[in-house]
């Protein structure tokens, strides 16, 4: 049940935003094995007057915050970070170092969904302990 929030330091066309979202979804599907129906995303372009990116001259900074069920191994998370950084870098023509990925994990019982059911009571069709 990944919930993706994308914060971008520069405006992009609708097609570019959709390509970024699809790139992230493809990475989540290939590395975490999640299904299409569980993915959701919000894309926000940051006002340059209200945002200070890390480093000097980071004009193409992008931050991804991905909220997921807890349980994945460190090596699986690392693989996701590598896939997303490389694929987004290639897609946007930016340095992989300009992409920050934050994974926020919550136990399945902390998710109330599908009519008030615990996430731990629902079969999502994929394993989180990978």
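The values are calculated or read from the model by the stated rules, or taken from the named source; none is laboratory data. What you are looking at is a predicted structure, and each value in this text was computed from that prediction instead of being measured. Every residue, glycine among them, receives a Cβ derived from its backbone with ideal geometry; neighbour counts consider all protein chains shown.
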Filtered residues of region 56-70 (kept if touching a helix residue (DSSP H, G or I) at 6+ places or on another chain (Cβ under 8 Å) and part of a loop (DSSP other than H, G, I, E, B)): 58, 60, 61, 70
Scanning region 39-76 for residues that are out of contact with any strand residue (DSSP E or B) (no Cβ under 6 Å at 6 or more places or on another chain), surrounded by 14 or more Cβ atoms within 10 Å (Cβ to Cβ) and modelled with pLDDT of 95 or more gives 76
In region 81-115, how many residues are in a strand (DSSP E or B), in contact (Cβ under 8 Å) with a residue 40 or more places away in the chain and under 14 Å from residue 9 (Cα atoms)? 1
Every residue in region 90-102 that is crowded, with 16+ Cβ neighbours inside 10 Å and modelled with pLDDT of 95 or more, please. 101
Among the numbered criteria (1) closer than 14 Å to residue 1 by Cα; (2) in contact with a helix residue (DSSP H, G or I) (Cβ under 9 Å, 6 or more places away or on another chain); (3) at pLDDT 80 or above, which single criterion is violated by residue 113? (3)
Suppose we filter region 11-49 for residues that are assigned to a loop (DSSP other than H, G, I, E, B) and touching a helix residue (DSSP H, G or I) at 6+ places or on another chain (Cβ under 8 Å); how many remain? 4
